[in-house]
Amino acid sequence: MVKYLKALMLGMLVVIPPAVVYYQTVLSGTLASPILEAKASHLGKMRTEPEPSRRRRRWVDESGSLHQELVDLSEFLKGKARTLPPRVAKVCGMQDEQRQLFKEMEYNVGSIPGYGEFKHVEREEKHVKYLLSLHNPQEDAVVSKGILMHLFSPEGTYPSVTEVHALCDGVPSLGPQGSRGEEEDEKGTTKRSSLISCSPGKTAVEVGSSIGMISMYLAARGMKVHALDPVQPNLQRLNESICLNSFRNCLRSSAPDGRISSSSSCFDSSALRSFAGRVKVHHSLVASSSGDRLPVQTQPRNLASTLPTQQAGATYSAMVKTIALDDIEMEEVELLHVTSQGDEYKAFLGAKRLFDEGKVKNVVFMMYFLKDDEDGREQEIQDSLKSIRFLRKYGFSFYNIEGCGRAQRGFFSGPALIPWEQVEEYVKKPRETGAHPTILASRTRVDGLNQVLQDKLNQKEEKEKQRARESESVN
């Protein structure tokens, strides 16, 4: 027993001092042994970050998943898959498979649907393609149903977009199919210039954008676009279109040969910004001043058309804040496209500063003739004349672009210059109820075929005056 106690006391004398020294050095923040220091350093790193091999494995798993989603998205866009990949659907806010309804729109540069090529284009990319998210046709039986079933124009097109496409590409002003109606100079070179420059970097504003048929077309051409609409569901579809086209644009730039690389970063917000950054969406009712809240409701099963008064059966109804275009920060506006259901003049008043500063170059707007009674029709005419007189003060020339870019009755309809003295007569001419003819007001220099048309009109007027003078002299 005595021997056992002596051995125990000797062991404590040997063991305890090093132990005391070790814990004292740890608590004081110093480590005497390099081996202990290295081990403690390793343990500290293990507490703050995952092991490298574990971190690598997690990255490989996630990147592989992202890569597969992009491959699946590519297949979906080609029509080889029925639903969007989950992560893409979540980013674009389209998780509901019933809401994954869209159409690919396509226009050929230098060519018009139903007419064919009218000029040779010296560029590799001759197609303007974009995806357009659509409403359920039961909710929107006009625009969305019309695009899905191509009721109003060839598949992948829409009439109002075709009009803008024709103006952007400088189509012939008039001429039967086959003859083209082109003018040549003394060297045999066709003379033609676009009234609207839809080149990358230019700015366009669409008032009454609906689901963004025109806005997405202009963005696909590289323009900066402000899209304004008072109907929230329309802007939801527009934001979905922006998201889908951003992914598609990224896939095209990172995989031009169609092979999706495992290093593709299309889920990075910066990679999507090259397309998404072109379009700014405004949930607003464009008016002569900002800050008011006014009621907005759409016609039954027509989310692109708003009603001036409260009626039963509206598909959408809400109080919406007004905005004046002058309160939106922007530089020179190449194209102001206004579809305000009869409130175009108010939109122009709200952009007076832009007009005063000469920042608006081209305006496309509609005149609405929806009233059956004589007083109502007269009011509609006066509203349209207010817009005409407002724009004429700023030196705009006017063009009839009814059906522009579409072949009708064997003739191809292009923009036709309307002399100033005939504009009001053009507005007042009888029209069927429901008509909404489109006018282009442009400050672009009138040349090419448009100048030829003006010269012909002047010659015709001079001949009529000459005949009148001759008949007077005979009498």
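The values are calculated or read from the model by the stated rules, or taken from the named source; none is laboratory data. Bear in mind that the values here come from a model prediction, so they are computed numbers and not experimental data. Note: ideal-geometry Cβ built from the backbone for every residue, glycine included; neighbour counts use all protein chains shown. We work out accessible area using only protein heavy atoms, side chains counted, and drop any ligands, DNA or RNA first. Shrake-Rupley method; radii C 1.70, N 1.55, O 1.52, S 1.80 Å.
When each of the peptides 378-389, 235-246, 281-292 is scored by how many other beta carbons lie within 10 Å of its residues on average, the order from highest to lowest is 235-246, 281-292, 378-389.
Local charge for ALA347 was computed over the other residues whose Cβ lies under 13 Å away, with Lys and Arg +1 and Asp and Glu -1, and equals -4. Highest-first packing order for the peptide set 319-326, 212-219 is 212-219, 319-326, based on the mean count of other beta carbon atoms within 10 Å. Quick check: at a probe of 1.4 Å, how many percent of the accessible area of region 288-388 sits on carbon and sulfur atoms? Carbon plus sulfur share of accessible area: 47 percent. Taking a sphere under 10 Å around the Cβ of LEU335 and counting the other residues whose Cβ falls inside, with K and R at +1 and D and E at -1, yields a net charge of 0.
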